[in-house]
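Rule-based calculations on the coordinates, nothing more; no lab input. Computed from a predicted structure; not experimentally measured. When we count neighbours, we look across all protein chains shown, and the Cβ atoms used for this are built from the backbone with ideal geometry, even at glycine.
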Amino acid sequence: MVTTVSDGGRDPDRYRSAQLGLTRLLVRDVRGLRRLIIPSRLRTSIPDWIAAVQAVVDQYAQASAAVGAEFYDAQRQAAGVSGQFTVPVAGPPPDGKTEASLRWATKDVWERDPEQATEAQRQPLETRLEQAEKKSEQVVQKLVADTGRSTVLEAVRQDRRATGWARSAALGACAFCKLLSSRGAVFARETVGFRAHDGCHCGVIPVFAGQTFELSNHAREWARLYQEYAAGHPGSQLRRFRRALAEHDPNPLPGSF
Ligand SMILES: [Zn+2]
């Protein structure tokens with residue numbers, strides 16, 4: 001029976017890298033669909049591309065939810081929690097959500113009146129398509145990772161034997177994610193809002209009754225840096241914390257994973 005649980009260590013790391021591996025494959029597959037966008041026929045080819053990307057997103061979202069559910073089951077079993085519980089596996093992103101995200105990601109590819117066009121919209125079509133592709137990869141990554149995270153969050157919320165959750169951030173995560181993960185298991189069972197950004201690979205670590213949460217060494221160091229350099233400076237904590245990380249944290253700051 002595992003009586004202590006942490007944001008770092010073998011299981012959380014494995015879970016995070018499984019999700020990371022999944023979103024890497026997702027991005028590879030989405031890249032492969034780029035050929036569906038025909039520059040001379042954007043009006044008709046972009047909707048076809050959106051439909052194809054959406055199908056891929058749905059598939060990967062299902063896999064992401066399954067990875068989350070498996071992780072939850074394994075953690076629950078390791079905690080020696082009694083009683084049956086079935087993880088409610090999240091479905092793919094709701095209708096229209098993926099499409100809206102992809103429409104946003106491709107909004108600058110359309111020809112605009114040069115008078116009203118933004119800097120990004122005045123670039124050559126090739127550049128605009130490249131930017132759209134980059135943005136699309138980020139939004140689909142978030143949609144898929146969110147499905148896995150919301151599976152674990154919803155399980156915590158429904159499972160009476162869970163007491164809360166912690167955030168597990170990668171060593172190379174951004175200051176925002178490092179800050180939240182250094183707080184430990186402070187998120188109550190009912191907290192289902194997970195603040196993620198595009199490209200965020202943070203995981204949700206459930207904590208069960210009878211378990212004690214212990215920060216990993218790296219998260220403890222982030223907490224220390226926060227206390228020393230940023231706490232007590234309302235309005236500029238994150239900026240100060242980011243600077244402290246850049247100076248004192250041996251782990252890389254973004255856009256690495
Ligand atoms: Zn993150």
**Complete:** TM-like helix rule applied to the chain (DSSP H, alpha carbon span at least 27 Å on the long axis, mean Kyte-Doolittle at least -1.0) gives 10-32, 42-78, 125-158
**Item:** Set of the range 196-212 residues, backbone N closer than 20 Å to the point 7 Å along the Cα-Cβ line of L253
**Value:** 196-202
**Request:** May I ask you to derive the FRET efficiency for D48 and A231 from their Cβ-Cβ distance with R0 = 30 Å, giving the value to the nearest 0.05?
**Result:** 0.05
**Item:** Ranked list, fewest to most other Cβ atoms within 10 Å of each Cβ, for K134, K107
**Value:** K134, K107
**Prompt:** With point charges of +1 on the Cβ of Lys and Arg and -1 on the Cβ of Asp and Glu, referenced to the Cα centre of the range 4-248, which listed residue (T118, Q59, L215) lies farthest in the positive direction of the dipole?
**Reply:** L215
**Message:** Defining a contact as two alpha carbons under 8 Å apart and six or more residues distant in sequence, what relative contact order in percent does the chain show?
**Reply:** 25 percent
**Asked** Suppose every K and R has +1 on its Cβ and every D and E has -1 on its Cβ; what is the size of the dipole of the range 106-216 about the Cα centre, in Debye to the nearest 20?
**Response** 700 debye
**Asked** For the chain, modelled as a Gaussian network with Cα springs under 10 Å, which listed residue fluctuates most, D58, D11, D113?
**Response** D113
**Item:** Rounded to the nearest 20 debye, dipole of the chain from Cβ charges on Lys, Arg, Asp, Glu
**Value:** 280 debye
**Request:** Express as a percent, rounded to the nearest 5, the fraction of DSSP beta bridges in the chain (both residues included) that run antiparallel.
**Result:** 75 percent
**Fill in**
The residues F213, F208, F71, sorted from fewest to most surrounding Cβ atoms within 10 Å, come out as F213, F208, F71
